[in-house]
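A.B. asks: This is the structure I have questions about; it appears just below.
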Amino acid sequence: MIQAWSQRWSQTITRLLNQPRYQLILRLTLVIVALQGIDELHAERLPEKGLAVVMLFSAKLLQSRYAWCGLAALMVWNNVYFWWRLVNHEYLITYWVLVCAIAAFSQFSLKIFAWNARLLIGLCFLFATAWKFMGGEYLDGSFLHLTFLVDPRLAMGATWLGGVAADLLQDNYDQLLTIQAATSPESALINSSPLMSALSVALSYWTIFIEGIVAIAFLSPWPRWLFLHRDEWLLIFVVSTYSVIPVFSFAAILLLMGLAQCALTQRFKAALYLNLLLLIPLWLPLPQEIFYFLQQWS
């Protein structure tokens, strides 16, 4: 049964990769636009999501430059007028939709997709790395330390890696809610552990290292060995980061741009990107689900 399922899945991936690559890229882009932020949907996002769904199921609109320009305009408008509630990956998705709109004016040239994908990935990681050097709270580990202790998404890492008990983490979350609700917030004692403190420093420098490596690998052809292995570094980052911090849209857009910059001859790498992208609903939340299941039975 497992072998039959695996064979059917392999055939599905092959069929997807055998279609014109630009159509695969466009369809996956529309899926990401339609699904991003679906858990906190705002009314002003409905037009762009509705248009994305219509384009997804219309062969004519899928390749219409006017449709892509309209989608890009809707997303830019939302980015400008609601900037205060957007997160980083939402801007990145908008940039990518703009790339699709530009490519529509040149018969969806794969060179345009590939060049812009490498540039966007490289700049994204370059700015992320630069930001971490601008403030001391990342270099001394304090940013990640506090984030592990007060962000429920990182409870798994704080407990399994940092040795902070689940009940102490819950106390941290309760204190944070109290501070946020208070008109005159007072200082609070956040529960931690020596291991969590040391781990935060180590993970901070690992993050700086791998983000810097990805930035160099995608922005510069030198050193040659690093440029040739840029996909491996990006995939290491995506899997190691988003299996701990499950952010669907960020993982999805990075994997899509990784796929878009693969040459047609790089079938294995393209298939790897596509597999990870399509299987995000399984591998991304799985570690968290296992963690919460074990917590309930402990």
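The values are calculated or read from the model by the stated rules, or taken from the named source; none is laboratory data. As the structure is a computational prediction, the values presented were derived from the model and not from experiment. Every residue, glycine as well, gets a Cβ built from its backbone with ideal geometry; the counts of neighbours run over all protein chains shown.
A.B. asks: Answer yes or no: is there a residue in the stretch 240-251 that is part of a loop (DSSP other than H, G, I, E, B) and within 22 Å of L17 (Cβ to Cβ). Steps first, answer last, please.
C.D. replies: Just the residues of the stretch 240-251 that are part of a loop (DSSP other than H, G, I, E, B), to begin with: 243-247.
Retained after the next criterion (residues that are within 22 Å of L17 (Cβ to Cβ)): none.
The answer is no; no qualifying residue exists.
A.B. asks: Also, quick follow-up: Might you check whether a residue that is surrounded by 12 or more Cβ atoms within 10 Å (Cβ to Cβ) and touching an Asp or Glu at 6+ places or on another chain (Cβ under 8 Å) occurs anywhere in the stretch 175-190?
C.D. replies: Initial filter on the stretch 175-190 (surrounded by 12 or more Cβ atoms within 10 Å (Cβ to Cβ)): 175-176, 178-179, 188, 190.
Okay, now just the ones that are also touching an Asp or Glu at 6+ places or on another chain (Cβ under 8 Å), so 179.
Yes, some residue in the stretch 175-190 is surrounded by 12 or more Cβ atoms within 10 Å (Cβ to Cβ) and touching an Asp or Glu at 6+ places or on another chain (Cβ under 8 Å).
A.B. asks: Sticking with this structure for a sec: Just the residues that are among the hydrophobic types (A, V, I, L, M, F, W, C) and modelled with pLDDT under 95, please, taken from the stretch 78-111. Please lay out each step first, then the result.
C.D. replies: Within the stretch 78-111, the first condition is being among the hydrophobic types (A, V, I, L, M, F, W, C), and the residues that meet it are 80, 82-84, 86-87, 92-93, 96-105, 108, 110.
Correct list: V80, F82, W83, W84, L86, V87.
A.B. asks: Which residues, counting only those in the stretch 245-268, are surrounded by fewer than 19 Cβ atoms within 10 Å (Cβ to Cβ) and either at pLDDT below 95 or not aromatic (F, W, Y) (or both)? Walk me through it before giving the result.
C.D. replies: Initial filter on the stretch 245-268 (surrounded by fewer than 19 Cβ atoms within 10 Å (Cβ to Cβ)): 245, 247, 263-268.
Passing the criteria: I245, V247, A263, L264, T265, Q266, R267.
A.B. asks: Further, regarding this structure: Go through the stretch 1-32 residue by residue and tally those that are basic (K, R) and not in a helix (DSSP H, G or I).
C.D. replies: Filtering the stretch 1-32 down to residues basic (K, R) leaves 8, 15, 21, 27.
Going one step further and asking which of them are not in a helix (DSSP H, G or I), we end up with none.
Going through the stretch 1-32 one residue at a time, the tally reaches 0.
A.B. asks: Name every residue in the stretch 90-108 that is of a type in the set (G, A, S) and either touching a Ser or Thr at 6+ places or on another chain (Cβ under 9 Å) or without any contact (Cβ under 8 Å) to a residue 24 or more places away in the chain (or both), in order of residue number.
C.D. replies: Here is the first cut: in the stretch 90-108, the ones of a type in the set (G, A, S) are 101, 103-104, 106.
Answer for the stretch 90-108, where residues must be of a type in the set (G, A, S) and either touching a Ser or Thr at 6+ places or on another chain (Cβ under 9 Å) or without any contact (Cβ under 8 Å) to a residue 24 or more places away in the chain (or both): A103, A104, S106.
A.B. asks: Tell me, yes or no, whether the stretch 65-81 has at least one residue that is touching a residue at least 60 places away in the same chain (Cβ under 8 Å), under 26 Å from F127 (Cα atoms) and not small (G, A, S). It would help to see each step written out before you state the result.
C.D. replies: As a first pass, look at the stretch 65-81 and keep what is touching a residue at least 60 places away in the same chain (Cβ under 8 Å): none.
The answer is no; no qualifying residue exists.
A.B. asks: Which residue, of T159, T94, is assigned by TED's automatic domain parsing to the domain that holds N191 and in a helix (DSSP H, G or I)?
C.D. replies: Values: T94 fails: assigned by TED's automatic domain parsing to the domain that holds N191.
Answer to the selection: T159.
A.B. asks: Report, by residue number, each residue of the stretch 157-174 that is touching a residue at least 40 places away in the same chain (Cβ under 8 Å) and surrounded by fewer than 22 Cβ atoms within 10 Å (Cβ to Cβ).
C.D. replies: T159, W160, A166
A.B. asks: Okay, moving on. Looking at the stretch 36-80, which of its residues are outside any helix (DSSP H, G or I) and either under 23 Å from the mean Cα position of the chain (by Cα) or not assigned by TED's automatic domain parsing to the domain that holds P20 (or both)? Steps first, please.
C.D. replies: We begin by selecting, within the stretch 36-80, every residue outside any helix (DSSP H, G or I); these are 36-37, 41-42, 57-58, 63-64.
Of everything in the stretch 36-80, those that are outside any helix (DSSP H, G or I) and either under 23 Å from the mean Cα position of the chain (by Cα) or not assigned by TED's automatic domain parsing to the domain that holds P20 (or both) turn out to be Q36, G37, L41, H42.
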